[in-house]
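Below you'll find the structure, written out as structure tokens, and then a few comments.
The values are calculated or read from the model by the stated rules, or taken from the named source; none is laboratory data. It should be emphasised that the depicted structure is a prediction, and the values quoted were computed from it without experimental measurement. Neighbour counts run over all protein chains shown; Cβ positions are idealised from the backbone, glycine included.
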Amino acid sequence: MSRKVVGVDLGGTKLLAGVVDDQLEVHDRVHRMVTGMSDKGVTEAIVESVQELLERNPDVHAAGFGIPCLIDQRQGTAVMCVNLPLVDVPFRDVMSERLGIPVFIDNDANVTTLAEARFGAAKGAQHVVGLTIGTGIGGGLLLGGKLYRGFAGGGAELGHMVIDQDGPRCQGACPNNGCLEAFASGSAIGREGTEAAEQEPDSELGRAAAAGEEITGEMVTQLALAGDELARMVVGQVGRRLGVGLANFVNMFNPEVIVIGGGAMAAGDLLLEPARVEMKARALRPNRDQVRVVAARFGSDAGMLGAGVLALDELGVPAPDEA
Ligand SMILES: [Zn+2]
């Protein structure tokens, strides 16, 4: 008999909840917008969505939540969120009481790392560094087969590793500058693309900027994939900076696999290959020769699946290869 849980990916603009079994098959799903809501509004939207799933699927045992916030696992609260009004809400206890099932919460990048390690591109590995590269860079660490969360749950903020103390200002609530996130996120690809457009007004990027178009990471990536030289150079430059960060992680954690997902991975090897080359040139032996740098298996469902895997993991349900 398969065990079923609900996995909830709570983003800044929408939530995706799904019923997931221990083979990671999705049986049912609910999608809802949460933009511009108060903390009460968001809480009610989550409760309604999960209850809807529970009514249709009475054999669900628990719910897992992936939240784009720093989590305090001792209190079950979100301590710092960039895009959600959930700070200081005793989220885990409120949800558990309202839903009537065990609830587990974690940072979204932690749960996607867990999903990749149990079922995805890092399947079977016990030492995994996970990065989610989108607007920012989320990080997750699986060490010795377990998620590493630090003292209270706020660890593994890998995107905020400084790779140049005089680098550009970091984003959001981060007071730092020169973080990996400032150099190698999707936003950084857009920023570098904007600079390249100014320097090369006769390029595709230059003409797009002159026509008043905003140069985004997505646009640069699409141009690079279509073979545009300048866009490829920009993505390659960002990839090399990503590799500087990877070299640090390889030296620190000696991972078997570094798995990289998120929207920026649309660039694929245009981003990853320069990152691998830079990492190899900078990291110590033998660590650098023991690690694989791979693209994530899960795309836009990664957060929901990861939240489901978190709940399965906490319930003690073994992953398929361990059963
Ligand atoms: Zn930062």
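Side notes on the structure shown:
- Candidates GLY190, GLY206, filtered to the one that is under 15 Å from PRO168 (Cα atoms) and not in a loop (DSSP other than H, G, I, E, B): GLY190
One line per residue, one yes/no per condition, for (1) surrounded by fewer than 17 Cβ atoms within 10 Å (Cβ to Cβ); (2) at pLDDT 95 or above; (3) in contact with a Cys (Cβ under 8 Å, 6 or more places away or on another chain):
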residue	(1), (2), (3)
VAL6	no, yes, no
LEU10	no, no, no
THR13	yes, no, no
LEU16	no, yes, no
VAL50	no, yes, no
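- Search result, residues across the stretch 272-323 that are assigned to a loop (DSSP other than H, G, I, E, B), among the small types (Gly, Ala, Ser) and under 27 Å from LEU225 (Cβ atoms): ALA296, GLY299, SER300
- Within the stretch 169-203, the residues that satisfy the criterion of being of a type in the set (Ser, Thr, Tyr) and within 16 Å of the ligand (Cβ to nearest atom) are SER185, SER187.
- Verdict on GLU213 being of a type outside the set (A, V, I, L, M), without any contact (Cβ under 8 Å) to a residue 12 or more places away in the chain and more than 16 Å from the ligand (Cβ to nearest atom): yes
- Hits in the stretch 149-168 (condition: more than 9 Å from the ligand (Cβ to nearest atom) and charged (D, E, K, R)): ARG149, ASP164, ASP166
- Exclusive hit being touching a Pro at 6+ places or on another chain (Cβ under 7 Å) and of a type in the set (A, V, I, L, M, F, W, C), set CYS69, CYS81: CYS81
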